[in-house]
């Protein structure tokens, strides 16, 4: 007698996002990350880090911070940074100019689930008095070339706060949306998430299967006691 397979209903996302569910889900993910549950799972998400430096962003996505990501490709223009990266994350960080690397027909960008990175910020920094016309302001373009070649469904871009609201910010949003991403951005303060410095940085998040505006910026984990801040969490 044959066995009839149960039909799995097609998932239809709700038109309105349940904010209570989002809070509970965020809390659940936070707990599974901090108690080590995520890194004990076999599933590893493939990660690419563009303009990687010594690997600060890769470290934040690593098992050491409770995340289930595995870096498969990275790049930087500083040879010392590349050596440091490879010593800590495996020898897959490529040295050289990203434009030249991508123009090389022998270059292979591996498949990835997520692309992260911070294109050079000097072109947007207020400290750069000659930032108008700085060619480094266009290095977000090869970043998206890597996103496209890798087939990533999510990207995370970091830069100085002055990026948001700039002409290039509009171009970035247009490019990402044309590639099928839903995009959201905001400025975060590192101290709000446990870093011992009040460094402010802009983050642009893109996702092809969920609108990041519902979950970004993430809830703070630390607060300035002089301002009477308090963590809000749903326990039900």
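The values are calculated or read from the model by the stated rules, or taken from the named source; none is laboratory data. None of these values were measured; they are calculated from a predicted model. Cβ coordinates were reconstructed from backbone atoms using ideal geometry, including for glycine residues, and neighbour counts include every protein chain displayed.
Tabulated results
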read-out	value
Evaluation of residue 165 against (1) surrounded by fewer than 18 Cβ atoms within 10 Å (Cβ to Cβ); (2) in contact with a helix residue (DSSP H, G or I) (Cβ under 8 Å, 6 or more places away or on another chain) (one fails), failing number	(2)
For residue 107: the one exception among (1) in contact with a helix residue (DSSP H, G or I) (Cβ under 7 Å, 6 or more places away or on another chain); (2) modelled with pLDDT of 95 or more; (3) crowded, with 17+ Cβ neighbours inside 10 Å	(3)
Every residue from region 52-79 that is part of a helix (DSSP H, G or I) and at positive phi	none
Output for region 60-79, where each listed residue is closer than 19 Å to residue 112 by Cβ, without any contact (Cβ under 8 Å) to a residue 24 or more places away in the chain and more than 15 Å from the chain's Cα centre (by Cα)	none
Check on residue 94, at pLDDT 90 or above, surrounded by 14 or more Cβ atoms within 10 Å (Cβ to Cβ), outside any helix (DSSP H, G or I) and in contact with a helix residue (DSSP H, G or I) (Cβ under 9 Å, 6 or more places away or on another chain)	yes
Region 120-159, residues that are touching a strand residue (DSSP E or B) at 6+ places or on another chain (Cβ under 8 Å), assigned to a loop (DSSP other than H, G, I, E, B) and at pLDDT 55 or above	121, 152, 153
Residue check for residue 145: surrounded by fewer than 20 Cβ atoms within 10 Å (Cβ to Cβ) and under 20 Å from residue 116 (Cβ atoms)	yes
Region 189-205, subset surrounded by 15 or more Cβ atoms within 10 Å (Cβ to Cβ) and out of contact with any strand residue (DSSP E or B) (no Cβ under 6 Å at 6 or more places or on another chain), residue farthest from residue 215 (Cα to Cα)	191
Residue pairs meeting the criteria (Cβ under 6 Å; at least 6 apart or on separate chains; first free of Cβ contacts under 8 Å to residues at least 40 places away in the same chain, in region 207-222; second surrounded by 15 or more Cβ atoms within 10 Å (Cβ to Cβ) and part of a helix (DSSP H, G or I))	220/192; 222/192
Residue 218 at pLDDT below 95 and outside any loop (DSSP other than H, G, I, E, B)	no
Hits in region 162-176 - residues which are in a helix (DSSP H, G or I) and in contact with a strand residue (DSSP E or B) (Cβ under 6 Å, 6 or more places away or on another chain)	163, 173, 176
Filter result (surrounded by 11 or more Cβ atoms within 10 Å (Cβ to Cβ) and assigned to a loop (DSSP other than H, G, I, E, B)) within region 37-51	44, 51
